[in-house]
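First comes the structure, then the notes that go with it.
The values are calculated or read from the model by the stated rules, or taken from the named source; none is laboratory data. None of the values given here were measured: they were computed from a predicted structure. Quick reminder, even Gly has a Cβ in these numbers, built from the backbone with ideal geometry, and neighbours come from all protein chains shown.
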Amino acid sequence: MNSEHAEHSARRLVVDVASACSKLGTWGLDPDLRADILTERATDLTEQLADPARNANTVVMGRILRTLVGDMGRRISSHHVSALPLAVSLSIGGVGALLYAALIPNPDYRLSLLLEGTGFLMLAITGFRSPLAIRRFPAAAGSLVLASGTALGVAAIPFDDEVSLFAISAKTSLSLATIGFTALAIGLVTEWDRAPRLPGAIILVAAGLIVFSEIGWSLYIFDQDAVQVVPSMLVAGAGVLFFRFFGRLRHLPIE
Amino acid sequence: MRRTGGDALVTNEIKVLRAALEMLWGGQHEFHGYELASTLADLESSDRLMNQSTLYRGLRRLEERGALESHWEDPDEAAEDGREGRPRRYYRVTADGVALAKSELARLQSAPTEWWRRWKPAGA
């Protein structure tokens with residue numbers, strides 16, 4: 001009786017997991033199409049669970065996981081990829097960085113932020129002008145300007161007096177961003193890597209750290225200089241959007 | 001899967017169409033997704049069923065191409081069969097589907113020859 005109950009519970013769990021995975025995998029599809037897919041998959045699962053040759057829980061779970069991977073793969077390799085959302089996030093980041101440059105008193109930071117803002121906007125313009133393909137040379141030029149801005153930022157952050165978590169995080173993220181943007185620029189010009197995965201991965205890590213740094217910095221300076229929080233949060237917001245959309249860039253053709 | 005060859009079917013679609021044709025030639029004119037997945041696994045002598053994402057995307061794509069047509073089972077019939085809320089979607093191969101299979105077969109047979117013609121070593 002107990003083993004029957006355990007088996008029933010396991011089956012219930014398998015069905016619930018399959019249903020949740022299918023909902024996740026089909027999220028955002030046309031509602032009618034999605035309803036059809038979910039019904040068809042649920043029926044398929046019922047048939048499999050009734051098939052003694054292939055209804056072991058491990059076999060069923062294996063297929064559910066492969067289905068989830070398949071759904072994710074379909075999303076990632078979707079042809080409906082546009083650089084527009086990325087261009088919007090880059091614009092927000094560019095405006096934020098330029099605002100930051102206007103507000104910050106330190107001339108080294110200002111120059112760094114000015115270059116970063118310019119680089120962001122150059123990349124944004126590339127995306128707006130050619131949303132369905134990456135234009136190699138304009139994108140490489142924007143990446144190089146960004147790389148020089150982030151490199152100046154690395155040099156400008158002091159590391160001699162009290163070392164704060166913010167300084168470590170900012171220096172690390174900007175260093176990674178410098179490497180990532182330089183690699184991206186080189187990759188774009190030399191076609192060393194037509195799908196810029198490695199620089200993309202580096203920049204994604206950097207973007208994550210920059211978001212972390214900016215949010216931390218915003219909280220730190222909130223009661224000292226609330227005005228600076230605005231550009232800082234803009235950059236952080238852009239970083240979140242950037243993080244969300246950059247991974248899809250590799251699916252765009254490079255011209 | 002990214003398409004690179006225009007209208008040509010991708011590997012998984014060819015597998016799905018092949019299994020559908022096997023069932024047609026075996027006298028089964030209509031089939032549902034799970035039957036097709038089982039047939040395909042049997043054809044490949046594999047224990048693993050094609051995952052649902054690939055399977056139903058392949059079926060949908062073949063239907064869009066006119067190679068298959070489908071209809072839903074009457075929900076009352078499903079309920080009578082103990083599958084309340086789980087109606088089957090039945091597929092059948094169309095004449096266009098048979099023609100498409102023939103053209104894909106011809107393409108696959110000619111592809112190695114074409115490749116060999118372009119890349120064969122001098123004098124071979």
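Details
- Filtered residues of segment B:55-77 (kept if touching a residue at least 24 places away in the same chain (Cβ under 8 Å) and out of contact with any Lys or Arg (no Cβ under 8 Å at 6 or more places or on another chain)): B:LEU55, B:LEU59, B:ARG61, B:LEU62, B:GLU63, B:ARG65, B:GLY66, B:ALA67
- Hey, B:TRP25 without any contact (Cβ under 8 Å) to a residue 60 or more places away in the chain, hydrophobic (A, V, I, L, M, F, W, C) and within 12 Å of chain A (Cβ to nearest Cβ) or not: no
- Of all residues making up segment A:23-44, the number that are more than 13 Å from B:ARG57 (Cα to Cα) and part of a helix (DSSP H, G or I): 9
- Pair list, Cβ under 8 Å, 6 or more apart: segment A:27-41 residue assigned by TED's automatic domain parsing to the domain that holds A:LEU68, other residue hydroxyl-bearing (Ser, Thr, Tyr) and surrounded by fewer than 16 Cβ atoms within 10 Å (Cβ to Cβ): A:LEU38/A:SER19
- Residue that is farthest from the chain's Cα centre (by Cα) [pool: residues in segment A:32-66 that are of a type in the set (Ser, Thr, Tyr) and at the interface with chain B (Cβ under 9 Å from one of its Cβ atoms)]: A:THR46
Okay, residues lined up against (1) surrounded by fewer than 19 Cβ atoms within 10 Å (Cβ to Cβ); (2) modelled with pLDDT of 90 or more:
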| site | (1), (2) |
| --- | --- |
| A:ASP51 | yes, yes |
| A:ASN55 | yes, no |
| A:ASP71 | no, no |
| A:ARG74 | yes, no |
| A:VAL88 | yes, no |
| A:LEU103 | yes, no |
| A:THR118 | no, yes |
| A:ARG135 | yes, no |
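- Taking the listed residues B:THR54, B:THR39, B:THR11, the one that is within 11 Å of another protein chain (Cβ to nearest Cβ) and of a type in the set (S, T, N, Q) is B:THR54, with no other qualifying.
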